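Structure record follows, encoded as C-alpha coordinates.
The values are calculated or read from the model by the stated rules, or taken from the named source; none is laboratory data. Worth saying up front: this structure is predicted, and the values here are computed from it rather than measured. Ligands, DNA and RNA are excluded from the accessible area calculation, which covers all protein heavy atoms including side chains. Shrake-Rupley method; radii C 1.70, N 1.55, O 1.52, S 1.80 Å.
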Amino acid sequence: MSLTVSNTPICLFCDNTQTHSTPFEDTVFNNKTFEYVQCTNCDLIFVQPLPTMDDITKMYPVEYQGALAGNAYGAYDFLFDRIKTIGTYKTILDYGCGGGRFVVEAVEKGFEVTGTEYNPDLVANLTKTFPKATFLTIDDFYKSDKKYDIIFLSNVLEHLTNPKEIMLKLKERLSENGIFALEGPIENNFNLTQITRKIMFWVRKNIFNKKASHVPTHILYSNRKNQEELFKNIGLETLYFNIEESNWPFPSNYKDCDTMMKKVMYFIATFSVKMSKVFSFWGNNFTYIGKKK
Ligand SMILES: [Zn+2]
(Lines give C-alpha, C1' and ligand atoms only; values in the text may rest on other atoms or scores of the structure.)
Protein backbone atom coordinates (compact mmCIF):
# COMPACT_ATOMS: atom_id res chain seq x y z
CA MET A 1 0.00 0.00 0.00
CA SER A 2 1.35 3.42 -0.87
CA LEU A 3 0.56 6.43 1.24
CA THR A 4 0.47 9.96 -0.01
CA VAL A 5 1.45 12.38 2.70
CA SER A 6 -0.05 15.81 2.30
CA ASN A 7 1.48 18.80 4.04
CA THR A 8 -1.70 20.83 3.91
CA PRO A 9 -3.94 20.04 6.84
CA ILE A 10 -7.44 19.11 5.70
CA CYS A 11 -10.16 19.24 8.34
CA LEU A 12 -11.31 15.71 9.14
CA PHE A 13 -14.92 16.86 9.52
CA CYS A 14 -15.51 19.65 6.95
CA ASP A 15 -12.56 19.38 4.45
CA ASN A 16 -11.54 23.02 5.03
CA THR A 17 -7.79 23.62 4.49
CA GLN A 18 -7.35 26.63 6.78
CA THR A 19 -6.18 26.00 10.32
CA HIS A 20 -4.71 27.93 13.22
CA SER A 21 -2.65 26.90 16.23
CA THR A 22 -4.17 25.77 19.55
CA PRO A 23 -3.15 25.89 23.23
CA PHE A 24 -2.45 22.15 23.09
CA GLU A 25 1.25 21.31 23.27
CA ASP A 26 2.89 19.42 20.43
CA THR A 27 3.51 15.81 21.36
CA VAL A 28 6.49 13.67 20.40
CA PHE A 29 5.71 10.05 19.56
CA ASN A 30 7.51 7.49 17.37
CA ASN A 31 10.31 10.06 16.77
CA LYS A 32 7.85 12.51 15.25
CA THR A 33 6.29 15.74 16.45
CA PHE A 34 2.52 15.94 16.20
CA GLU A 35 0.87 19.34 16.37
CA TYR A 36 -2.76 20.08 17.33
CA VAL A 37 -4.32 22.50 14.85
CA GLN A 38 -7.83 23.93 14.72
CA CYS A 39 -10.06 24.24 11.66
CA THR A 40 -11.00 27.89 11.01
CA ASN A 41 -14.40 26.82 9.69
CA CYS A 42 -15.82 24.23 12.11
CA ASP A 43 -13.35 24.54 15.04
CA LEU A 44 -12.40 20.86 15.01
CA ILE A 45 -8.98 20.30 16.59
CA PHE A 46 -6.90 17.53 15.02
CA VAL A 47 -3.30 16.29 14.92
CA GLN A 48 -0.88 17.13 12.15
CA PRO A 49 0.59 15.23 10.49
CA LEU A 50 -1.99 12.46 10.67
CA PRO A 51 -0.47 9.24 12.02
CA THR A 52 0.73 6.77 9.38
CA MET A 53 0.02 3.02 9.50
CA ASP A 54 3.39 2.58 11.25
CA ASP A 55 2.45 5.13 13.95
CA ILE A 56 -0.98 3.52 14.38
CA THR A 57 0.47 0.02 14.74
CA LYS A 58 2.75 1.34 17.50
CA MET A 59 -0.08 3.27 19.15
CA TYR A 60 -2.15 0.16 19.70
CA PRO A 61 -0.06 -2.74 20.97
CA VAL A 62 -2.02 -5.92 21.81
CA GLU A 63 -2.11 -4.84 25.50
CA TYR A 64 -3.96 -1.62 24.59
CA GLN A 65 -7.37 -3.25 24.90
CA GLY A 66 -6.89 -4.58 28.44
CA ALA A 67 -9.27 -7.11 30.00
CA LEU A 68 -12.38 -8.32 28.14
CA ALA A 69 -15.81 -7.42 29.51
CA GLY A 70 -17.49 -9.41 32.28
CA ASN A 71 -21.21 -10.14 32.52
CA ALA A 72 -23.90 -7.69 31.44
CA TYR A 73 -25.03 -5.39 34.26
CA GLY A 74 -27.32 -2.93 32.52
CA ALA A 75 -24.63 -0.41 31.56
CA TYR A 76 -26.55 0.56 28.42
CA ASP A 77 -30.15 0.28 29.63
CA PHE A 78 -30.61 4.00 29.11
CA LEU A 79 -29.60 3.72 25.45
CA PHE A 80 -31.70 0.59 24.81
CA ASP A 81 -34.73 2.27 26.39
CA ARG A 82 -34.21 5.31 24.17
CA ILE A 83 -33.85 3.10 21.07
CA LYS A 84 -37.07 1.27 21.97
CA THR A 85 -38.98 4.56 21.66
CA ILE A 86 -37.73 4.90 18.06
CA GLY A 87 -38.41 1.46 16.62
CA THR A 88 -38.02 -2.29 16.79
CA TYR A 89 -34.68 -3.65 15.67
CA LYS A 90 -33.01 -7.04 15.49
CA THR A 91 -29.38 -6.79 14.42
CA ILE A 92 -26.58 -4.64 15.83
CA LEU A 93 -23.09 -3.94 14.58
CA ASP A 94 -20.65 -2.70 17.23
CA TYR A 95 -17.91 -1.09 15.12
CA GLY A 96 -14.75 -1.05 17.25
CA CYS A 97 -16.20 -3.22 19.99
CA GLY A 98 -13.04 -3.25 22.15
CA GLY A 99 -13.34 -5.68 25.04
CA GLY A 100 -17.02 -6.42 24.30
CA ARG A 101 -18.59 -4.20 26.99
CA PHE A 102 -21.50 -3.18 24.78
CA VAL A 103 -21.73 -6.55 23.01
CA VAL A 104 -22.55 -8.44 26.24
CA GLU A 105 -25.25 -5.91 27.07
CA ALA A 106 -26.80 -6.11 23.58
CA VAL A 107 -26.78 -9.93 23.58
CA GLU A 108 -28.51 -9.85 26.97
CA LYS A 109 -31.23 -7.65 25.45
CA GLY A 110 -31.88 -10.27 22.77
CA PHE A 111 -30.16 -8.64 19.79
CA GLU A 112 -28.22 -10.48 17.11
CA VAL A 113 -24.83 -8.85 17.63
CA THR A 114 -21.69 -8.51 15.50
CA GLY A 115 -18.57 -6.90 16.93
CA THR A 116 -15.59 -5.74 14.86
CA GLU A 117 -12.01 -4.95 15.81
CA TYR A 118 -8.70 -4.40 13.97
CA ASN A 119 -6.54 -6.85 15.85
CA PRO A 120 -7.09 -10.50 14.73
CA ASP A 121 -5.82 -11.81 18.11
CA LEU A 122 -8.41 -9.72 19.93
CA VAL A 123 -11.12 -10.93 17.53
CA ALA A 124 -10.12 -14.56 18.23
CA ASN A 125 -10.26 -13.93 22.01
CA LEU A 126 -13.66 -12.26 21.76
CA THR A 127 -15.03 -15.14 19.65
CA LYS A 128 -13.88 -17.65 22.25
CA THR A 129 -15.14 -15.62 25.24
CA PHE A 130 -18.54 -14.53 23.88
CA PRO A 131 -19.92 -17.41 21.76
CA LYS A 132 -23.39 -15.81 21.53
CA ALA A 133 -22.07 -12.97 19.35
CA THR A 134 -20.21 -12.87 16.03
CA PHE A 135 -16.84 -11.14 15.78
CA LEU A 136 -15.04 -10.01 12.65
CA THR A 137 -11.82 -8.20 11.89
CA ILE A 138 -12.43 -4.83 10.26
CA ASP A 139 -10.91 -6.27 7.04
CA ASP A 140 -13.39 -9.17 7.00
CA PHE A 141 -16.24 -6.82 7.84
CA TYR A 142 -15.58 -4.76 4.70
CA LYS A 143 -15.43 -7.92 2.57
CA SER A 144 -19.09 -8.59 3.38
CA ASP A 145 -22.09 -6.45 2.47
CA LYS A 146 -24.42 -7.54 5.26
CA LYS A 147 -26.64 -4.74 6.60
CA TYR A 148 -27.52 -3.98 10.20
CA ASP A 149 -30.51 -2.38 11.94
CA ILE A 150 -28.34 -0.54 14.47
CA ILE A 151 -24.72 0.52 13.97
CA PHE A 152 -23.12 1.44 17.27
CA LEU A 153 -19.78 3.21 17.81
CA SER A 154 -18.46 3.90 21.28
CA ASN A 155 -15.30 5.97 21.68
CA VAL A 156 -14.27 5.26 18.09
CA LEU A 157 -14.51 8.46 16.02
CA GLU A 158 -11.79 10.31 17.94
CA HIS A 159 -9.32 7.55 17.03
CA LEU A 160 -9.93 7.72 13.28
CA THR A 161 -7.82 9.59 10.73
CA ASN A 162 -10.81 9.48 8.30
CA PRO A 163 -13.98 9.68 10.43
CA LYS A 164 -16.15 11.07 7.63
CA GLU A 165 -15.15 8.35 5.16
CA ILE A 166 -15.77 5.59 7.74
CA MET A 167 -19.18 7.02 8.67
CA LEU A 168 -20.16 7.15 4.98
CA LYS A 169 -19.04 3.55 4.48
CA LEU A 170 -20.99 2.46 7.55
CA LYS A 171 -24.07 4.35 6.37
CA GLU A 172 -24.10 2.00 3.35
CA ARG A 173 -24.33 -0.89 5.80
CA LEU A 174 -27.47 0.35 7.58
CA SER A 175 -30.64 -1.55 6.78
CA GLU A 176 -33.59 0.34 5.25
CA ASN A 177 -34.85 1.92 8.49
CA GLY A 178 -31.63 1.43 10.41
CA ILE A 179 -30.16 3.85 12.94
CA PHE A 180 -26.74 4.95 14.12
CA ALA A 181 -26.05 5.12 17.86
CA LEU A 182 -22.78 6.77 18.89
CA GLU A 183 -21.14 7.91 22.06
CA GLY A 184 -17.77 9.41 22.80
CA PRO A 185 -15.80 12.37 24.06
CA ILE A 186 -16.22 15.93 22.78
CA GLU A 187 -12.92 17.13 24.15
CA ASN A 188 -13.15 20.65 22.81
CA ASN A 189 -16.66 21.31 24.07
CA PHE A 190 -17.39 24.00 26.64
CA ASN A 191 -16.92 23.04 30.29
CA LEU A 192 -14.76 24.22 33.17
CA THR A 193 -12.33 21.30 32.98
CA GLN A 194 -11.68 22.02 29.31
CA ILE A 195 -11.00 25.72 30.00
CA THR A 196 -8.65 24.83 32.86
CA ARG A 197 -6.78 22.33 30.69
CA LYS A 198 -6.44 24.84 27.86
CA ILE A 199 -4.97 27.43 30.23
CA MET A 200 -2.53 24.85 31.66
CA PHE A 201 -1.47 23.69 28.21
CA TRP A 202 -1.18 27.25 26.90
CA VAL A 203 1.15 28.20 29.77
CA ARG A 204 3.28 25.08 29.30
CA LYS A 205 3.47 25.55 25.54
CA ASN A 206 3.96 29.32 25.33
CA ILE A 207 5.65 30.32 28.59
CA PHE A 208 7.75 27.24 29.32
CA ASN A 209 8.15 26.17 25.69
CA LYS A 210 7.31 22.57 26.56
CA LYS A 211 6.34 19.63 24.42
CA ALA A 212 4.22 16.71 25.58
CA SER A 213 5.12 13.06 25.13
CA HIS A 214 1.72 11.38 25.19
CA VAL A 215 0.62 8.96 22.48
CA PRO A 216 -1.75 10.86 20.18
CA THR A 217 -4.42 8.14 20.11
CA HIS A 218 -7.09 10.84 20.08
CA ILE A 219 -6.66 12.23 16.58
CA LEU A 220 -9.42 14.80 16.99
CA TYR A 221 -11.08 16.94 19.66
CA SER A 222 -14.62 17.84 18.66
CA ASN A 223 -17.34 19.99 20.20
CA ARG A 224 -21.10 19.55 20.32
CA LYS A 225 -21.69 21.66 17.21
CA ASN A 226 -19.13 20.23 14.79
CA GLN A 227 -19.82 16.71 16.05
CA GLU A 228 -23.51 16.91 15.18
CA GLU A 229 -22.76 18.77 11.93
CA LEU A 230 -20.57 15.90 10.75
CA PHE A 231 -23.57 13.58 11.06
CA LYS A 232 -25.85 16.04 9.26
CA ASN A 233 -23.30 16.55 6.48
CA ILE A 234 -23.17 12.86 5.69
CA GLY A 235 -26.97 12.78 5.34
CA LEU A 236 -28.16 11.77 8.77
CA GLU A 237 -31.10 13.17 10.67
CA THR A 238 -30.68 13.64 14.42
CA LEU A 239 -33.16 11.70 16.54
CA TYR A 240 -31.36 12.27 19.84
CA PHE A 241 -28.28 14.26 20.84
CA ASN A 242 -27.33 14.62 24.46
CA ILE A 243 -24.28 16.09 26.20
CA GLU A 244 -23.09 14.90 29.58
CA GLU A 245 -19.96 15.36 31.61
CA SER A 246 -17.63 13.15 33.59
CA ASN A 247 -14.60 14.19 35.68
CA TRP A 248 -12.29 12.64 33.07
CA PRO A 249 -9.48 13.43 32.38
CA PHE A 250 -9.32 15.05 35.82
CA PRO A 251 -9.52 12.76 38.90
CA SER A 252 -12.97 11.42 39.77
CA ASN A 253 -12.10 10.18 43.25
CA TYR A 254 -10.85 12.52 45.99
CA LYS A 255 -9.01 9.65 47.72
CA ASP A 256 -6.78 9.24 44.65
CA CYS A 257 -5.64 12.88 44.83
CA ASP A 258 -2.23 12.74 46.49
CA THR A 259 -1.10 16.25 45.51
CA MET A 260 -2.63 19.70 45.95
CA MET A 261 -2.74 20.07 42.17
CA LYS A 262 -4.80 16.89 41.80
CA LYS A 263 -7.16 18.02 44.57
CA VAL A 264 -7.74 21.31 42.78
CA MET A 265 -8.35 19.42 39.52
CA TYR A 266 -10.81 17.14 41.30
CA PHE A 267 -12.80 20.11 42.67
CA ILE A 268 -12.84 21.91 39.31
CA ALA A 269 -14.08 18.75 37.52
CA THR A 270 -16.70 17.98 40.18
CA PHE A 271 -18.06 21.53 40.03
CA SER A 272 -18.04 21.38 36.22
CA VAL A 273 -20.00 18.10 36.26
CA LYS A 274 -22.63 19.81 38.46
CA MET A 275 -22.88 22.71 36.02
CA SER A 276 -23.35 20.29 33.12
CA LYS A 277 -26.60 19.17 34.73
CA VAL A 278 -27.84 22.78 34.64
CA PHE A 279 -26.74 23.76 31.12
CA SER A 280 -27.46 21.42 28.20
CA PHE A 281 -24.51 22.71 26.10
CA TRP A 282 -22.01 22.04 28.90
CA GLY A 283 -20.08 18.75 29.02
CA ASN A 284 -17.43 16.49 27.54
CA ASN A 285 -19.30 13.41 26.27
CA PHE A 286 -22.03 13.00 23.69
CA THR A 287 -24.64 10.37 22.89
CA TYR A 288 -26.17 10.49 19.43
CA ILE A 289 -28.90 8.58 17.66
CA GLY A 290 -29.62 9.31 13.99
CA LYS A 291 -31.05 7.82 10.84
CA LYS A 292 -30.63 8.21 7.10
CA LYS A 293 -32.61 11.16 5.69
ZN1 LIG B 1 -13.61 21.82 9.87
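Over the residues of the chain, the helix contribution to mean residue ellipticity at 222 nm works out to -8500 deg cm²/dmol, using -39500 (n - 2.57) for each DSSP H run of at least 4.
Normalised by the number of residues in the chain, the average gap of Cα pairs under 8 Å and 6 or more apart makes the relative contact order 19 percent. Our coupling estimate for segment 16-26, obtained by passing each phi through the Karplus curve with A = 6.51, B = -1.76, C = 1.60 and θ = phi - 60°, is 5, 9, 9, 9, 10, 6, 10, x, 6, 5, 5 Hz, Gly and Pro reported as x. Computed 3J(HN,Hα) for segment 175-185, one whole-Hz value per residue from the Karplus formula 6.51 cos²θ - 1.76 cosθ + 1.60 where θ = phi - 60°, is 5, 2, 10, x, 10, 9, 10, 10, 8, x, x, glycine and proline marked x. Note on the chain: GNM, Cα springs under 10 Å; of ILE150, ILE199, ILE56, the largest mean-square fluctuation is that of ILE199. Taking a straight Cα-Cα cut-off under 18 Å and skipping sequence neighbours fewer than 8 places away in the same chain, the lysines within cross-link reach of LYS211 are LYS32, LYS198.
A straight Cα-to-Cα reach below 18 Å connects LYS205 with the aspartates and glutamates GLU25, ASP26, GLU35, residues fewer than 8 places away in its own chain not being considered. For THR19, nonlocal amide neighbours, meaning residues 5 or more places apart or on other chains whose placed amide H falls under 5 Å from its own, are THR40. For the options ASN41, ASN189, ASN31, a Gaussian network treatment of the chain with springs between C-alpha atoms closer than 10 Å singles out ASN31 as fluctuating the most. For GLY115, the residues 5 or more places off, or on other chains, whose built amide H falls under 5 Å of its own are ASP94, THR134, PHE135, LEU136. Based on C-alpha pairs under 8 angstrom that are at least 6 apart in sequence, segment 111-221 has a relative contact order of 24 percent.
Kirkwood radius for segment 1-116, taken over all pairs of different Cα atoms as the inverse mean of 1/r, rounds to 17.7 Å. What the chain shows is 52 Å² of accessible area per residue, with the surface traced by a 1.4 Å probe over protein heavy atoms.
Within the chain, antiparallel bridges make up roughly 60 percent of the DSSP beta bridges whose residues both belong there.
Give the Rg/Rh ratio for the chain, taking Rg as the radius of gyration of the Cα atoms and Rh as the Kirkwood radius, to two decimals.
Computed over Cα atoms, the ratio is 0.96.
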